[in-house]
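Structure first, then comments.
Just so you know, all these numbers are worked out from the coordinates, no wet-lab data involved. Please read these numbers as outputs of a predicted model, since none were measured by experiment. No Cβ is skipped: glycine too gets one built from the backbone with ideal geometry, and neighbour counts run over all protein chains shown.
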Amino acid sequence: MFQWQESPHAAAKEGPVGCYTCHAADAGDPLGYNHEGAFIKTLISPKDCSYCHSREFKEFENSHHATAGQIMASLDNILGEVICSAPAESVKKWGLPAYAAKADAQNACWQCHGSVVKVLKDEKGNIIRNKTGAPQFDPSTWPNSGMGRINPDGTKGSCNACHSKHAFRASVARQPFACGKCHLGPDHPQKEVYEESKHGIAYLSAVRERGLMGMNILKTGSWVLGKDYHFAPTCSTCHMGAYVKSNGSIAPNTHNVGDRISWNLRPPISVKLNRVITTDGKVYDIPGDIPPLPGQFVQVYDYVRKGDKLVKVKTKKQVKEVISWKERRAEMKEVCKSCHSMQQVDNFYEQFDALVVTYNEKFAKPAKRIFSELVKDGLVPKSPFMSKVGWIWFEIWHHEGRRARHGAAMLGPDYTHWHGLYEVANHFYYEYIPEVLEVAKEHGKLEKYQKLINEILNTPEHSWRIKGFGALMKQVEEEYKERYGKGQ
């Protein structure tokens with residue numbers, strides 16, 4: 001209540017946006033109940049917010065954030081729901097209810113990605129309610145404010161993930177700390193990279209108020225780079241924010257965080273991202289250096305809620321409009337130009353691309369090729385978690401490989417090298433390859449895999465492993481002696 005009283009909703013010019021405005025339930029809503037003479041619901045979804053914020057709803061609906069709850073087909077899902085959790089039969093043995101299964105996923109994965117929110121039902125399939133008539137949510141799925149939460153009404157997302165209730169201030173969502181709940185840690189350290197970068201340093205040295213070194217970040221309403229502030233960018237600035245363009249016009253903000261992203265840095269091998277709008281108005285990201293053309297048909301998939309399950313539906317759709325990865329990059333460059341010269345912006349992307357391609361070609365593609373061959377020959381299971389060599393490969397791309405790519409994308413040199421490609425190289429040469437040869441030896445395939453690895457290591461990018469450093473090492477030794485004295 002106190003949060004709401006201080007919120008923009010309470011101070012709206014058209015009149016306060018009160019509790020009932022958002023919590024009103026439609027007649028016949030199975031999750032509705034009578035409360036103090038009003039028919040209300042507890043859970044608010046993006047659909048409710050869309051009545052006033054239709055543009056934001058549509059943009060978010062088409063964003064990668066909205067798909068965050070679709071992790072059931074990912075390796076992270078196996079880790080959280082199976083490897084790091086326990087099945088119902090085990091938790092019952094420990095004296096816990098059946099819905100306590102998948103505890104790691106409930107408390108970790110789903111809190112960022114989102115859960116499939118369910119209500120408790122009795123044996124006849126009726127919703128269980130408390131004494132006031134309010135439906136009881138399945139404790140394994142709610143409370144949850146995950147970004148891609150699958151709501152009972154079929155919508156995806158939780159506006160509360162960024163706009164913390166019950167203030168719902170844009171000024172909260174603008175701050176890097178809001179993104180830091182999910183975008184941090186060993187596999188996606190955007191928060192840590194940002195704090196290391198010149199962008200993060202500038203922000204952390206600024207004041208929140210308006211002024212020469214101010215961010216004006218608590219401002220109500222629009223927040224435009226080049227007009228309301230100029231001292232430092234936040235995550236919101238680059239990926240979502242409004243800004244003054246070079247011609248003086250204002251580019252609008254967006255709730256589709258992927259609009260300005262040209263590389264996908266998440267998978268084992270990075271790919272360029274093209275956005276396509278199909279004839280039914282849906283928006284999809286299609287990977288590839290060469291984008292599809294309007295009129296072509298593309299394979300796409302959607303996840304649709306059916307009951308308490310999320311079902312993957314594959315279809316072929318016709319392309320109506322294409323925003324290529326180059327156009328998306330051009331949009332991000334416009335933001336960069338608010339503070340930097342065109343040469344600086346272009347040269348940054350040259351450096352960034354070089355790092356991503358180096359990771360792809362030198363480490364990721366050869367490592368994936370080797371692992372695929374191991375699986376094809378039946379030497380290891382397809383799941384990377386069923387073998388030591390698979391687990392090493394998983395960490396190469398999912399942890400240090402991502403850190404290197406995200407570090408380069410966001411100006412974090414330490415994450416690019418020491419937390420990134422240094423660890424990729426160390427694990428590739430001294431853990432992954434030896435384990436591959438060990439597995440091959442155990443299965444009588446050593447000659448084949450030794451030949452494959454020699455083929456890879458004899459390429460120019462890996463030649464140091466065969467040739468060594470020679471004269472270069474001598475120079476390094478001499479340098480160390482001069483710098484640190486004899487005995488080094």
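Quick look at the numbers
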| quantity | calculated |
| --- | --- |
| Two-site label geometry, GLU327 and HIS340: point separation in nm, points 7 Å out along Cα→Cβ | 2.4 |
| Close Lys-Lys pairs in region 411-488, where close means Cα under 30 Å and separation is 8 or more or interchain | 8 |
| Computed E for ASN347/LYS481 - FRET, C-beta separation, R0 41 angstrom, nearest 0.05 | 0.70 |
| Cβ-Cβ FRET estimate between THR358 and GLU209, R0 fixed at 56 Å, reported to 0.05 | 0.85 |
| Ranked CYS235, CYS336, criterion: other C-beta atoms within 10 Å, fewest first | CYS336, CYS235 |
| Three-way shape call for region 10-109 based on the alpha-carbon gyration tensor, with the a/c threshold at 1.5 | oblate |
| Computed FRET value (nearest 0.05) for TYR20 with ASN126, which takes r as the C-beta separation and R₀ as 35 Å | 0.85 |
| Per residue, the convex hull volume that the Cα atoms of region 273-325 enclose (Å³) | 72 |
| For region 273-325: lysine pairs under 19 Å (alpha-carbon distance), excluding those fewer than 8 apart on one chain | 6 |
| Debye, to nearest 20: dipole size of the chain, +1 on Lys, Arg Cβ, -1 on Asp, Glu Cβ | 660 |
| Full-stretch length increase - TYR99, ASP187 - with 0.36 nm per residue and alpha-carbon distance subtracted | 28.9 nm |
| Computed over region 340-473, Cα set: Rg, Dmax in Å | 16.7, 59 |
| Alpha-carbon centroid distance for the pair region 349-386 / region 160-208, whole angstrom | 31 |
| Chymotrypsin sites (Phe, Trp or Tyr not before Pro) lying in DSSP loop within region 1-89, provided at most 16 other Cβ fall within 10 Å | TYR51 |
| Per-residue ³J(HN,Hα) for region 279-286, Karplus 6.51 cos²θ - 1.76 cosθ + 1.60, θ = phi - 60°, Hz, x for Gly and Pro | 5, 8, x, 6, 10, 9, 9, 10 |
| Degrees separating the helix 433-442 axis from the principal Cα axis of the chain, which is the longest one | 80 |
| On Cα atoms only, tilt of 365-376 relative to the major axis of the chain in degrees | 80 |
| Distance between modelled label sites at THR42 and ALA471, nm, 7 Å Cα→Cβ extension | 7.5 |
| Cβ-placed point charges (K, R +1; D, E -1), dipole of region 141-273 about Cα centre in debye, nearest 20 | 240 |
| Cα pair distances of the chain binned at 20 Å [whole percent] | 19, 49, 27, 4, 0 |
| Ratio of the Cα radius of gyration of region 161-314 to 2.2 N^0.38 Å, where N counts its residues | 1.25 |
